[in-house]
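Q: The structure under discussion is supplied below as structure tokens; questions concerning it will follow.
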């Protein structure tokens, strides 16, 4: 019987290891579960970094040598780990032959159990990614409930940055249409500095995640400046 991992169980497992290599060699199933759930960066903060450094281009070239994750892990496990930590694994493994027991109809029925992407990934990331690899998401998630102005990773995305006119504070975020992201009263407080367009909404999502990690120490913690949003996406420095 396949073990069902919760985020809490995966966090406890991660505590047993000092680095990703140890974890992979001892319990690859739970490591892959954490990677698919996209929680590695949350539960491996105690890890001692390995010395091997790869560029994105090197990771792409290494991935092309293999046809599935098992081969890659067996031969060059550290680069496999680096690709997941860099959030580029799915971008460089589109040629992989993925074994799956699910038909398109079954994936559609599974998607019907959920109301949003976050809920599906948390409960059953394996089927979510199977549907993503087959380019089925737009078709089978039309019933998903999306918050007004919320981000849909299945559509093209935009990463934007504003600066407050009367404060040395910068506001960033992602949207499918940033012009509909804020109330007029909030837009009037800011000036737009930059918008980056992404054809792939998932890449836009990953880009924001990297920005959040890179600029975490510059988060603004003063009084609330926006009428609807908290200060979670406000910085005291210009990203660009």
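For every residue, the table says whether it meets (1) out of contact with any strand residue (DSSP E or B) (no Cβ under 8 Å at 6 or more places or on another chain); (2) within 30 Å of residue 33 (Cα to Cα); (3) part of a helix (DSSP H, G or I).
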site: 138; (1), (2), (3): yes, yes, yes
site: 142; (1), (2), (3): yes, yes, no
site: 158; (1), (2), (3): no, yes, no
site: 168; (1), (2), (3): yes, no, no
site: 172; (1), (2), (3): no, no, no
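Q: Now, a different point. Inspect all residues belonging to the stretch 18-31 and state whether any of them is more than 17 Å from residue 129 (Cβ to Cβ), surrounded by 19 or more Cβ atoms within 10 Å (Cβ to Cβ) and either modelled with pLDDT under 85 or in the same structural domain as residue 121 (by TED's automatic domain parsing) (or both).
A: Yes - at least one qualifying residue is present in the stretch 18-31.
Q: Would it be correct to say that residue 117 is touching a helix residue (DSSP H, G or I) at 6+ places or on another chain (Cβ under 9 Å) and modelled with pLDDT under 85?
A: It is true that residue 117 is touching a helix residue (DSSP H, G or I) at 6+ places or on another chain (Cβ under 9 Å) and modelled with pLDDT under 85.
Q: Mind listing whichever residues of the stretch 177-222 are crowded, with 16+ Cβ neighbours inside 10 Å, in a loop (DSSP other than H, G, I, E, B) and touching a helix residue (DSSP H, G or I) at 6+ places or on another chain (Cβ under 7 Å)?
A: 220
Q: Something else about it: Mind checking which residues of the stretch 81-118 are exposed (fewer than 13 other Cβ atoms within 10 Å of the Cβ), over 30 Å from residue 57 (Cβ atoms) and under 20 Å from the mean Cα position of the chain (by Cα)?
A: Correct list: 118 only.
Q: Would you mind finding the one in 81, 62, 73 that is outside the structural domain of residue 118 (by TED's automatic domain parsing), touching a helix residue (DSSP H, G or I) at 6+ places or on another chain (Cβ under 6 Å), part of a helix (DSSP H, G or I) and without any contact (Cβ under 8 Å) to a residue 24 or more places away in the chain?
A: 62
Q: On to the next question. Restrict the check to the stretch 179-192 and report whether at least one residue is more than 27 Å from residue 68 (Cα to Cα) and under 18 Å from the mean Cα position of the chain (by Cα).
A: no
The values are calculated or read from the model by the stated rules, or taken from the named source; none is laboratory data. Computed from a predicted model, the values in this text were never measured in an experiment. Cβ: placed from backbone, ideal geometry, glycine included. Neighbour counts: every protein chain shown.
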